[in-house]
Every structure is written in structure tokens, then in C-alpha cells.
Amino acid sequence: MFARCSDVREDVRVLATQRQEHILARVREHGAVRVTDLVGELDVSDMTIRRDIAELARQGLVRRVHGGAVDHQPRTSHEPGFDAKRDVAAAQKDAVARAIIESLRPGLAIALSAGTTTHRVAQLVAATPTLRPLTVVTNSLPAAAALHRPEDLELDVVLTGGTRTPSDALVGPVATSTLAKLRVDVLVLGVHGIDPDAGLTTPNLLEAETNRALVGAANRVVVAADHTKWGEVALARIAPLDMVDVLVTDDALPTAAAEVARSVVRKLVLAPTTEVSP
């Protein structure tokens, strides 16, 4: 005996709800998910998955991107302090910093924005004498302190000046005016969040303005961000993602997110994370 039409419709509705719950769980766990992966996991067509993603996006639970979906993070104006962020994803930040150091060479003028990952880059710059001569421009007080080596005559450090933020960045008119007069080969930029739609963001409006000045002063923009920054959206936009020359993150970035990033930035580097034994 055939099932009644109303029973068939009810089964389809229940199955759609179950699929969407699965999709949402995957996005929240990994930050992003690909349509092709979901087709295999749920044994349905890609059109069915796209309709499910569209429904989740309509409800404001995910954001649709090319080939899949990413987490829908609320915009935030909360800015954690430097000490609060320093030990978060420490191994991943170290991996990112090492990969960036390997890409630098003597004779460059580089800029370092504020941030805990860029602070690790500064520490490695200070500890790598083969990267000399080198000029470093920074608006980060911790980075400037790490680079302070009076005996290192071939390491020039330029501190922008400005007003101090909770993350120990120097921002405001003094910082942006200084940066407007400078030109650097490479900017290593730390960010609070990276999102395919929102781009690079930070919770602090003045820091976003100063970071835009850093981007404007650079021939090449390298973003230093561990994988936990993917899908995060903060209050103030720094720049769209397609302005990034190189995105350096760690190898825990989900596959779907990596594919999205590769389709937008000029180059994606996935730094291998090495676990350090106690």
C-alpha cells in the first residue's frame, strides 16, 4: 500500500531537518564545510545540499560561500588584552611565525602590526642574525620591546607613536600620520578575524584605521593568523580578503576554508604545527 502524500511530505521535512542539523554541526565544529563533502556524508545530491545551506543561511545560522558554507559569527566590539590572547593557540602561532621568518631576507624594510602572532615574528627576527641588515616599522609596543637590541647595529626599529590600546597597539592620528610618510617592502599583519565576506577585521575602530595605513604603506601584505581566526568577524573592517598577497595560517585550517581562501588570496601557506614535548 502506498504512503499517503501527507506522510511523504512529513518524511521529507524530517529528513531535511536532520540534514540541516548535521550541516550546522559540521560548520560549528570546523568553521566551514564543502558541498562535495556533505554530498558523500549524507548520500544526497549537491542541489539538495545547496538548498539546505540556503535554508540555514536564511535563518542566519551559516553564511553561503562558493562551494560550501562558513560559520555565521556575531560581530563583536570586545577587544581582549595582549596577555589574554598570548597563550591561545600558542603552537599554531609559533608555526605561523616560523613560516613567515623563512620568507624574509636581509635588506628588507618590513612592518609588523600589533598582535600576539606578530609579536612571535618579532622575537624570531631578533633571534635570527642572518636577517641583517633589516629595518622594522611597528606600532606594537611588545614587538618593539622584543626587537630592542642596542648592540645589534644592523637592526633598525621604527616605532610609530600614538595612543595605546588594550592589545598594546599604538593607534590614532600620530600613528597614521607617521605611516603615511613611510613605504615598506612587506607588512606582516595580525588580525582578530578573517571572513570571506567581511574580510580582515578587528574590534578596535582606531586600530582598524592604523592597520589600513599599514596596508597602504606596504608593497606586499602578509597576514599572520592561526586557523582559529577563520570565520571570526569583529566590529571594524581593515581590508577585503582579496587585498592579501599571502595568508599564512596553520595546517589545522579546515579543508573547506582552505579552498575558499585559495580562491580569494594570492597565496595560502599552511604552516605545519610541531608539538613541543614538555
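When the chain is treated as a GNM with alpha-carbon contacts under 10 Å, the residue of D94, D37, D226 showing the greatest mean-square fluctuation is D37.
Sorted fewest first by neighbouring Cβ atoms within 10 angstrom, L153, L61 come out as L153, L61.
Report summary: the helix-based calculation at 222 nm, which adds -39500 (n - 2.57) for every DSSP H run with n ≥ 4 and divides by the residues of the chain, gives -12500 deg cm²/dmol.
Would you work out the relative contact order for the chain, in percent, from Cα pairs under 8 angstrom that are 6 or more residues apart?
Values: 564 pairs, mean separation 49.2, N = 278.
Computed value for the chain: 18 percent relative contact order.
Order of E102, E259 from fewest to most other C-beta atoms within 10 Å?
On the way: E102 13, E259 17.
Ranking E102, E259 by Cβ neighbours within 10 Å, fewest first, gives E102, E259.
Read-outs throughout are calculated quantities, based only on the coordinates presented, and are distinct from any laboratory measurement. Predicted, not measured: the structure shown is a model, and the values here were computed from it. Please note: Cβ atoms are built from the backbone with ideal geometry, for glycine as well, and neighbour counts cover all protein chains shown.
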